[in-house]
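Here is the structure we will look at, set down as structure tokens.
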Amino acid sequence: MQPVPTLKLVSAWSPDRHLRAVIEEVLRAHIPAEDIRHLHGRVYLVYTAAEPAEIRDWLAPHLVDGERAFVVEFERWSGRNIPHRDWLLVRGH
């Protein structure tokens, strides 16, 4: 049985550098571009069957001491005036 794609939020933080390009490069290496949306700053939404820990592990080699990654999988969500509304709705949310 194939894993079912779900919506995840992916972010990373650094005290010394901007990580937006790093995050995007890592995500694009593993997830089709049409399933990635930049939300804000260093925060992305992705639609993938990859587990949160798997995405974290993709990012880990690109982070240095003091930098952090955070990946969360959504079970349910709700929003008002949200970006990428149509993209989200197509993905079953």
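Can you find a residue that is touching a Lys or Arg at 6+ places or on another chain (Cβ under 7 Å), open to solvent by less than 60 Å² (accessible area, probe 1.4 Å) and among the aromatic types (Phe, Trp, Tyr) anywhere in the stretch 41-49?
Checked against the condition, which is being touching a Lys or Arg at 6+ places or on another chain (Cβ under 7 Å), open to solvent by less than 60 Å² (accessible area, probe 1.4 Å) and among the aromatic types (Phe, Trp, Tyr), the stretch 41-49 yields at least one hit.
Does residue 29 count as free of Cβ contacts under 8 Å to residues at least 24 places away in the same chain and either touching an Asp or Glu at 6+ places or on another chain (Cβ under 9 Å) or loosely packed, with under 12 Cβ neighbours inside 10 Å (or both)?
no
Name the single residue, out of those in the stretch 1-26 being among the hydroxyl-bearing types (Ser, Thr, Tyr) and closer than 18 Å to residue 61 by Cβ, that is surrounded by the fewest Cβ atoms within 10 Å (Cβ to Cβ).
Our first condition is that a residue be among the hydroxyl-bearing types (Ser, Thr, Tyr); within the stretch 1-26, this holds for 6, 11, 14.
Still in the running and closer than 18 Å to residue 61 by Cβ: 11, 14.
On the way: 11: 19, 14: 14.
Once the filter is applied, the top-ranked residue is 14.
So which residues in the stretch 50-93 are open to solvent by less than 40 Å² (accessible area, probe 1.4 Å), under 27 Å from residue 14 (Cα atoms) and out of contact with any helix residue (DSSP H, G or I) (no Cβ under 6 Å at 6 or more places or on another chain), if there are any at all?
50, 52, 55, 63, 67
In the stretch 53-63, how many residues are over 9 Å from the mean Cα position of the chain (by Cα) and touching a residue at least 12 places away in the same chain (Cβ under 8 Å)?
Qualifying residue count for the region: 6.
Considering only residues that are in contact with a helix residue (DSSP H, G or I) (Cβ under 7 Å, 6 or more places away or on another chain), of a type outside the set (A, V, I, L, M) and outside any strand (DSSP E or B), which ones fall in the stretch 18-40?
30
The values are calculated or read from the model by the stated rules, or taken from the named source; none is laboratory data. A quick note: this is a predicted structure, and the numbers were derived from the prediction, not measured. Glycine also receives a Cβ, built like all others from the backbone with ideal geometry; neighbour counts cover every protein chain displayed. We work out accessible area using only protein heavy atoms, side chains counted, and drop any ligands, DNA or RNA first. Shrake-Rupley method; radii C 1.70, N 1.55, O 1.52, S 1.80 Å.
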